[in-house]
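Taking it in order: structure first as structure tokens, then the write-up.
The values are calculated or read from the model by the stated rules, or taken from the named source; none is laboratory data. The structure displayed is predicted, hence computed values, not measured ones. Here Cβ is always computed from backbone atoms with ideal geometry, including for glycine, and neighbour counts include all displayed protein chains. To get the accessible areas, we keep the full protein, side chains included, count just its heavy atoms, and leave off ligands, DNA and RNA. Shrake-Rupley method; radii C 1.70, N 1.55, O 1.52, S 1.80 Å.
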Amino acid sequence: MSIDWSVVIEYKDYFVRGFITTIELTVVAIVFGLIIGLILGLMQISGKIYLKVPARVYIDLFRGTPLLLQILAIHFAVIPTIWEDILQMTPPSALFSGFVALSLNAGAYIAEIFRGGIESIDKGQMEAARSLGMTYGQAMRLIVLPQAFKRMLPPLGNEFIALLKDSSLVTVIAVNDITYAAFTTAKSTLERMGPYVTAGVMYLLLTLVLSRVVLYLEKRFTPQARKK
Amino acid sequence: MIRVENLQKKYGDHLVLKGITTEIQEREVVCVIGPSGSGKSTFLRCLNLLETVTSGKVIVNGHDLTDPKTNLNQVRSEVGMVFQQFELFPHKKVLDNITLAPIHVRKMPKETAEKKALELLRKVGLQDKAHAYPEQLSGGQKQRVAIARALAMEPKVMLFDEPTSALDPEMVGEVLAVMRELANEGMTMVVVTHEMGFAREVGDRVLFMDDGYIIEEGTPQALFSSPQHERTKAFLSKVL
Ligand SMILES: Nc1ncnc2c1ncn2[C@@H]1O[C@H](COP(=O)(O)OP(=O)(O)OP(=O)(O)O)[C@@H](O)[C@H]1O
Ligand SMILES: [Mg+2]
């Protein structure tokens, strides 16, 4: 068995574009996932039933159904309904659907990480902050979240890597990411191995870089004293 | 300074404070003693509304804490609290632990806050620890920083909840010394403590609590040498 790498070189523009698209999908989903996750996480620990219940329903919905189904539903049902029926406009690209689906899904998982992180901080820290006259918001922002964030970094790192890999599912709605490049190249050239091996190497490279970044952040957020 | 009228506190159906009435004057040092579970911490926490009051009145420094219009953050910033477990902020240096609230709550400029923090650290004998992290301090040092942190808000009252109970015996003295100095300077203090020696020496008045009530109160001399109630006698015979 020998791999014909020439098709990969011939189709390299596909792969470069796929590489960039996969990075875009991951970065967008991380950024919006963090925002959605923080909001949902805070809603969950607010102790107010009218905030807790919607957050819980959202999280259960997105964690309890397959991501593939979510991508299909958002691309072929939710977004066309909103754009065509309500806004009376042409729907945006499949890439946009990919951004939305991955961000909404990541938000649900990140929310659980935020909640766990915040709940792991001793209640006494919040009380000490409040006893000094800080508002709930100040105590959260200055005292609880910075400490929680440090504990959340390892699970967040896992979530980001899972997200990077799961982004490949958008191939089904023809978003040209790495997987899509491999799939279409292999199909149109009949070369079996080369395109898939190339895609695998690209993902591996990205996951390795991402895990290094997370490790670096973990070090940076550890106080000076503990470094030695 | 503090007036408490028929204060009741329930956790769910469990009545923990069953009607507390007392008054604490300016510059007075009141020690609260009593068996475990009698409601001492709960009483203290009601004084700066870390717990919501179920019924009754709590007036601190002219603010009615049970009035929904009262700005609780304002009241809390005027009442210092020292916890058994110190509760320093582990991700902040000692100096930042102390300046955080003055900067963010009082909107004090950073330089002013730091200058003041260093003065307070000198007062508790820890100026050389300004740039250490809490985990690098001993228990006694942590508690002294916690006291300095509370003092940085220039509170009118200081509440202490068993400030020496989590300390190794050899560190109790250094913390009590700081508290004694505060008392001598005229700070109004409410101290939940098992240190009967401190209560006797520094306290102007001792409250004995049991089962959600103040059973008996009086000067340390009176309460310790001639307790009137059976329950007070029983408790004192165990701890003295
Ligand atoms: N958050 C809470 N929820 C339910 N019950 C509580 C809570 N906090 C305290 N209690 C109960 O209230 C009672 C009084 O507790 P409190 O902590 O005020 O006692 P204490 O006198 O400070 O005791 P100790 O000397 O052990 O600190 C106890 O029976 C305790 O179980
Ligand atoms: Mg207690």
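Before moving on, here are some points about what is shown:
- A single member of B:GLU170, B:GLU119 is in a helix (DSSP H, G or I), open to solvent by 20 Å² or more (accessible area, probe 1.4 Å), assigned by the TED database to the domain that holds B:VAL16 and more than 16 Å from ligand 1 (Cβ to nearest atom), and it is B:GLU170.
- Test for B:LYS107: is it more than 21 Å from A:GLN147 (Cβ to Cβ), of a type in the set (Lys, Arg), away from chain A (no Cβ under 14 Å) and open to solvent by 20 Å² or more (accessible area, probe 1.4 Å): no
- Residues that are surrounded by fewer than 18 Cβ atoms within 10 Å (Cβ to Cβ), out of contact with any helix residue (DSSP H, G or I) (no Cβ under 8 Å at 6 or more places or on another chain) and either away from chain A (no Cβ under 14 Å) or without any contact (Cβ under 8 Å) to a residue 24 or more places away in the chain (or both) occur in segment B:189-202; there is at least one.
- Selection count, segment B:187-235, where residues are within 25 Å of B:ALA177 (Cβ to Cβ) and away from ligand 2 (no atom under 16 Å from the Cβ): 18
- Residue ID - surrounded by the most Cβ atoms within 10 Å (Cβ to Cβ), chosen from residues in segment B:1-59 that are within 16 Å of ligand 2 (Cβ to nearest atom) and among the polar types (S, T, N, Q): B:ASN48
- Verdict on B:VAL175 being more than 16 Å from ligand 2 (Cβ to nearest atom), more than 14 Å from chain A (Cβ to nearest Cβ) and in a helix (DSSP H, G or I): yes
- Each residue in segment A:95-152 was checked for being at the interface with chain B (Cβ under 9 Å from one of its Cβ atoms) and outside any helix (DSSP H, G or I), and 5 pass.
- Condition check for B:VAL29: in contact with an Asp or Glu (Cβ under 6 Å, 6 or more places away or on another chain), modelled with pLDDT of 95 or more and under 23 Å from B:ARG180 (Cβ atoms): yes
- Residue within segment B:9-28 that is among the small types (Gly, Ala, Ser) and away from ligand 1 (no atom under 16 Å from the Cβ) present: no
- Residue ID - farthest from B:ALA117 (Cα to Cα), chosen from residues in segment B:56-69 that are outside any loop (DSSP other than H, G, I, E, B) and either acidic (Asp, Glu) or more than 16 Å from ligand 1 (Cβ to nearest atom) (or both): B:LYS57
- Hits in segment B:70-93 - residues which are closer than 19 Å to B:LEU47 by Cβ, outside any helix (DSSP H, G or I) and either touching a residue at least 12 places away in the same chain (Cβ under 8 Å) or open to solvent by less than 20 Å² (accessible area, probe 1.4 Å) (or both): B:VAL79, B:GLY80, B:MET81, B:VAL82, B:PHE83, B:GLN84, B:GLN85, B:GLU87
- Considering B:VAL192, B:VAL175, the condition of being more than 14 Å from ligand 1 (Cβ to nearest atom) and not assigned by the TED database to the domain that holds B:ALA150 is satisfied by B:VAL175 alone.
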